[in-house]
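First up is the structure itself, then whatever we jot down about it.
The values are calculated or read from the model by the stated rules, or taken from the named source; none is laboratory data. Only a predicted model underlies this, so the values are computations on that prediction, with no experimental measurement involved. In this analysis, Cβ positions are derived from the backbone assuming ideal geometry, glycine residues included, and neighbour counts consider all displayed protein chains. When the accessible area is computed, the model is the full protein with side chains, heavy atoms only, and any ligands, DNA or RNA have been set aside. Shrake-Rupley method; radii C 1.70, N 1.55, O 1.52, S 1.80 Å.
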Amino acid sequence: QVQLVESGGGLVQAGGSLRLSCAASSSIFSNKAMGWYRQGPGNLRLWVATITTGGIPNYADSVKGRFTISRDTAKNTVWLQMNTLKPEDTAVYYCNTPGRLLPWGQGTQVTVSS
């Protein structure tokens with residue numbers, strides 16, 4: 001069974017940056033678009049960004065211009081570079097396919113202080 005492992009979260013002040021990583025236990029990435037999602041306290045798990053197999057990104061309006069998604073298919077890894085972080089970006093961040101088809105990982109906590 002494929003495992004997704006997210007890492008790179010932490011506590012950062014508003015305006016700061018973090019880079020999240022998502023590693024898969026197999027080559028599941030090679031033929032699938034991948035995305036990042038986040039779930040704030042008491043909220044639903046919302047879509048943040050997607051990257052196609054060809055490297056074309058798409059972003060939620062709330063993060064457009066601040067976040068950058070990238071991937072390395074050979075390394076089975078997807079990254080999310082987050083700049084100009086805001087307190088409202090505080091959430092647990094997860095990766096998965098656009099259809100949320102894979103078992104969820106444990107996520108990585110991002111906390112942005114004001």
Here, the stretch 1-51 modelled as identical Cα point scatterers in vacuum has Debye log10 I(q)/I(0) at q = 0.15, 0.21, 0.32 Å⁻¹ of -0.55, -0.98, -1.27
Across Leu44, Leu11, Leu102, the residue with the highest GNM fluctuation in the chain (Cα network, 10 Å cutoff) is Leu44
The correct pair for the stretch 56-114, radius of gyration to one decimal and Dmax as a whole number, both in Å and from Cα atoms, is 12.5, 38
As a percent rounded to 5, the proportion of antiparallel DSSP bridges among beta bridges in the chain is 90
With DSSP loop assignment and no more than 13 other C-beta atoms within 10 Å, the trypsin sites (Lys or Arg not before Pro) in the stretch 12-52 are none
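Could you tell me what percent of the accessible area of the chain is made up of carbon and sulfur, with a 1.4 Å probe and every protein chain present? Provide the component values of the computation, followed by the final result.
Numbers: 2910 of 5670 Å².
Accessible surface attributable to carbon and sulfur in the chain totals 51 percent.
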What the Cα atoms of the chain span along the principal axes, largest first and in whole Å, is 39, 25, 22
Averaged per residue, the 1.4 Å probe accessible area of the chain, protein heavy atoms only, in Å², is roughly 50
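Decide, for the stretch 24-64, between rounded, prolate and oblate: order the square roots of the alpha carbon gyration tensor eigenvalues as a ≥ b ≥ c, take rounded if a/c falls under 1.5, and otherwise choose prolate if a/b is larger than b/c, else oblate.
Working: a/c = 4.31, a/b = 1.53, b/c = 2.82.
Note, shape of the stretch 24-64 comes out oblate.
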Once the in-chain neighbours fewer than 8 apart are removed, the lysines whose Cα is under 18 Å from Lys86 read Lys64
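Any chance you could run the full-extension gain for Thr84 through Ser113? It's 0.36 nm times the residue separation minus the Cα-Cα distance, nm to one decimal.
Working: separation 29, 0.36 × 29 = 10.44 nm, distance 1.20 nm.
My answer for the length gained is 9.2 nm.
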In the stretch 70-114, the trypsin sites (Lys or Arg not before Pro) that sit in a DSSP loop and have at most 14 other Cβ atoms within 10 Å of their own Cβ are Arg100
Residues of the stretch 55-77 with backbone N under 20 Å of the label point set 7 Å from the Cα of Ser26 along Cα→Cβ are 72-77
